[in-house]
Number of protein chains: 2
Amino acid sequence: MEAAFAEYLDEFTRRDWETLDPTAVTDPVRVAVVGAGWFARDWALPGISRSAYTEATVVTDVDEDAVEAVAAERDVTGVTPDEFRAGAVADAYDAVYVATPNATHLEYVRAAAAQGKAVLCEKPLEATLDRARRLVAACEDAGVPLMVGYRMQTDPAVRRLRDLLDAGVAGDVVGVHAAMSQTMLGELDGDADQWRLDPALSGGCAAMDLGVYPINTARFALGEDPERVSGRTRSEHEAFAGVDEHATFRLEFPDGVDALCTVSQNAQHASRLEVTGTEARLVLDPAFYEREDRGFAVVRDGTRVDLDFDQVHQIEEEFAYFGHQLLADEPFHPDGEHALTDMRALDGIYESADTGRPVALGDDAA
Amino acid sequence: MEAAFAEYLDEFTRRDWETLDPTAVTDPVRVAVVGAGWFARDWALPGISRSAYTEATVVTDVDEDAVEAVAAERDVTGVTPDEFRAGAVADAYDAVYVATPNATHLEYVRAAAAQGKAVLCEKPLEATLDRARRLVAACEDAGVPLMVGYRMQTDPAVRRLRDLLDAGVAGDVVGVHAAMSQTMLGELDGDADQWRLDPALSGGCAAMDLGVYPINTARFALGEDPERVSGRTRSEHEAFAGVDEHATFRLEFPDGVDALCTVSQNAQHASRLEVTGTEARLVLDPAFYEREDRGFAVVRDGTRVDLDFDQVHQIEEEFAYFGHQLLADEPFHPDGEHALTDMRALDGIYESADTGRPVALGDDAA
C-alpha cells in the first residue's frame, strides 16, 4: 500500500503521452511564433526553448519593435506579417504558433495552412463560431495538423485529476464548481492587450478569455461534452462597455452533472476547480493561471490529502506535447473539432445571456 | 494598526445583538420542544440548556419512546401531541420550538399561536409555499412573534463575513459560490428521518433540506434578495425516487450578482461558501453544518488570512438570540416574511427544474 502511494507520488508529473526519448531528439520541430505579445515573450518562447521537441526560429508581429526585441533576445529571424504570409522564410519553420488577437487567428492559420505547416493556435480558436469553423476547415482542406493551445490538458495536475476520476476514486461525479478571475486592467502591460476590450477583435472578454479554461478543463476532466448551457454576463466598469466584464455560466453535462462557473476580468484573483463525487472531492486551487503553482487536494471522508509536487513549466509541457506528437506522427487530443465544442459552448453562453434561456448544443453544423 | 487587528480578533465572536446581561437573567424563556428527533435531542435541547435566555420545560413527539427518553434525560414534562395541541400544559411554557417534518409545521405552529405562544419554527418553513404562507398568517392573526431557525444568522463567522462585506473590505461583490452535500442515507439514524424522502412530508429533499442554507446565508451576507432563480434537480439512487437527490441552482441577486450553488444528499461532504469581490475573497469552509467548526479565510492580493477563533455552539447562539429578543421585546431578523422569500426561491427552483427556464420572484402575493 505505501509502496503504491510512493509510486503514485513519484509518477505524478509523468508525461503519459510521451513515447519518444527527449534526449534523443536531433531535429526538433522548428516553430514560427506569430504574435509577440507578453504571453509569447514571457511564456511561449521560453516554453518552446525548454521543450526538447521544439525550437523557435521565426517571429512576426504587427509591432515591429516587439519583433526586433525578440530577435535580439533570441536566435530567431524577425519578419513582418506580410513577409510571413507570403512565406518569405517558410523554409525556416515546420510549424506555426498563433498567439495574436482572436479575430486575427484565421488569417494567420490560413497562411500557415497554405504553406503546409502544422499549426498550434491559441484558444479561444477565433472571435466567432463561424470564423472558428472556417479556421478548422482551412487546416482540414490543406491537410495540415491543427492543435489548439489548451495548456491545462498537458498539465500533470489536470491529467492526474482526470486519472483519479477515470479510476473511480471520486465515485460518480455529482457536480463541478469553477472560478477564475483577475484584475485584467491592472495586469495589462500598458495598452498592448487592450484588444481584449474590443469585441470585434476578441469576440468577448470574461467568458471568451477566461471562461474557456473552466469549460475546456471540465470537459477534459469529465471526458464528456456539455449538452446545454446557460449564462449571464454583465459589465460595470466603463473600460468593459463593449464586452463582458463578468460572466457566470452553467454547463449541463450528460447524466445531469452540472458545472457552475464564475469568471471575471475585474475581481480578486481566483483560480479554482472542484469536482465533487459520491466518494471524494478533488480540488485544484490554484488551478488555471500559467504563473501560479497548482494546488491539488483529495478530500474523502474527513481525510484531506494535499499533494505537493514538482511544478512543471506549463507552456514547456504544452509545446513538448505539440512537438512530440508531430515527431511521433500522432494526432492531437485538443484538435480543431475539439475546440469547436468550446466555441459552441461560448456562443451558447452569450446567446443565453441575451435571451435569458438555456441553449442546447447540437453537433456542429457549419 | 496591530491594536485594531487584535481588537478585531478579540471581538470576533461577540454577540452584536445582545443588549441584556445574560448573567442577570432570572426568568428565562420556557420552551416547549415539539419534535424529539436526533437534531432536537443532540443539538436543540443542549443549545436551549446552554443559553442563559432559555430553558426547556416540555417536550412532545409522535414517538412516545423518544418523549420518554428525553423526559428521563432532562427535567422536562413529556406530553402527547394531542395533549400539546389541546394546551394541556400550556402554563408550563412561554414559547414553542417546532422541529418536526416540514409538512407538520403548520399544525403545531397553529396550536402554539392559538395558545398565544411565541414560535421558533425550523426551516424550511413548511413543505410548500402555500402552507408556509398559512403558517405565517396564523402567527400574524394571533399576534404571536415568529422566528425561523436560520442558525447561520447568529453564527459569528457568518456575521463577521457580513460585517466585512458591509465595511467594503471585499469591494463590490462579483459572485458567490456555495456547495453543501452529505451522504444522507449513511448519516440517517435508522429510519427516524426517512420522512425527508417522502415528498408529501418534506416538499423536496436536496434543495429543501440543504439548499435553504446557501440561499438564506447568501441573502443574509449580501443583504439582498434574489430576483430570479433557475435550477436543476436529479435523482439516481432508488431511495430518492420521489425527491431530489441532487440540485444545482443559480440565485440572481440585484446588480447582476449571481450565487451558484450545488447541494446533494448523496455526495461527499462539502460545506463551503465563497464570496468573491473586486477587493477580496471571503471563504467559509467548513460553512454550514452544526457539527463542524467554521473555517474563515480572507484572501486579498496574494495574502491569505485564516482566522481561527473560539468556536461557538451554534444552536446555543440561535436560542440565545431567540430568548434574548423575546425578553428584550425586540423583533427577530429571520421572521416569517423573511422565511417566505426562501420558500419562494425554493418554489422557483423546483419550477425551473421542471420547465427548464428561469423563474422571476415577485413579492409575495398570498
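Do we find that B:LEU346 is away from every other protein chain (no Cβ under 14 Å), under 28 Å from A:ARG272 (Cα atoms) and surrounded by 14 or more Cβ atoms within 10 Å (Cβ to Cβ) in this structure? Don't jump to the end; show me each part of the working.
On the way: away from every other protein chain (no Cβ under 14 Å): yes; under 28 Å from A:ARG272 (Cα atoms): yes; surrounded by 14 or more Cβ atoms within 10 Å (Cβ to Cβ): yes.
For B:LEU346, the condition - away from every other protein chain (no Cβ under 14 Å), under 28 Å from A:ARG272 (Cα atoms) and surrounded by 14 or more Cβ atoms within 10 Å (Cβ to Cβ) - is met.
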- Run down A:GLN325, A:GLN265, A:GLN314 and say which single residue is over 28 Å from B:THR276 (Cβ atoms), among the polar types (S, T, N, Q) and within 23 Å of the chain's Cα centre (by Cα). A:GLN325
- Quick one: in the range B:218-262, of everything that is more than 20 Å from A:LEU260 (Cα to Cα) and small (Gly, Ala, Ser), which residue is nearest to the other protein chains (Cβ to nearest Cβ)? B:ALA239
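Of the residues A:GLU279, A:GLU292, only one is within 22 Å of A:LEU161 (Cβ to Cβ), facing chain B (nearest Cβ under 9 Å) and not in a strand (DSSP E or B); which? Before the answer, list the steps.
On the way: A:GLU292 fails: facing chain B (nearest Cβ under 9 Å).
After applying the criteria, what remains is A:GLU279.
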- Options B:PHE249, B:PHE288, B:PHE296: the member that is touching a residue at least 40 places away in the same chain (Cβ under 8 Å), within 21 Å of the chain's Cα centre (by Cα) and under 16 Å from B:ALA170 (Cβ atoms): B:PHE296
- Task: May I ask you to list the residues in the range B:296-355 that are touching a helix residue (DSSP H, G or I) at 6+ places or on another chain (Cβ under 7 Å), more than 17 Å from B:LEU125 (Cβ to Cβ) and among the charged types (D, E, K, R)?
- Result: B:GLU316, B:GLU317
- Go through B:GLU73, B:GLU83, B:GLU64, B:GLU2 for me and flag whichever is surrounded by fewer than 23 Cβ atoms within 10 Å (Cβ to Cβ), over 30 Å from B:GLN194 (Cβ atoms) and over 18 Å from the mean Cα position of the chain (by Cα). B:GLU2
- Restricting attention to the range A:67-82, does a residue exist that is within 23 Å of A:ASP27 (Cα to Cα), hydrophobic (A, V, I, L, M, F, W, C), in contact (Cβ under 8 Å) with a residue 40 or more places away in the chain and not in a loop (DSSP other than H, G, I, E, B)? no
- Query: Of all the residues that make up the range B:333-365, how many are more than 13 Å from the chain's Cα centre (by Cα) and not in a helix (DSSP H, G or I)?
  - Reply: 10
- Could you check how many residues of the range B:21-53 are part of a loop (DSSP other than H, G, I, E, B) and either in contact with a helix residue (DSSP H, G or I) (Cβ under 6 Å, 6 or more places away or on another chain) or of a type outside the set (A, V, I, L, M, F, W, C) (or both)? 10
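Before we move on, is A:ALA56 modelled with pLDDT of 95 or more and not in a helix (DSSP H, G or I)? Talk me through it step by step, then tell me what you get.
Values: modelled with pLDDT of 95 or more: yes; not in a helix (DSSP H, G or I): yes.
Judged against the criteria, A:ALA56 is a match.
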- Message: Exactly one condition in (1) over 25 Å from B:GLY87 (Cα atoms); (2) among the basic types (Lys, Arg); (3) at pLDDT 95 or above is false for B:ARG30; which is it?
- Response: (1)
- Expected single match for surrounded by fewer than 19 Cβ atoms within 10 Å (Cβ to Cβ) and at pLDDT 95 or above among B:GLU337, B:GLU290, B:GLU316 is B:GLU337
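The values are calculated or read from the model by the stated rules, or taken from the named source; none is laboratory data. These figures come from a predicted structure and were not determined experimentally. Ideal geometry is used to build each Cβ from the backbone, glycine not excepted, and the neighbour counts take in all protein chains shown.
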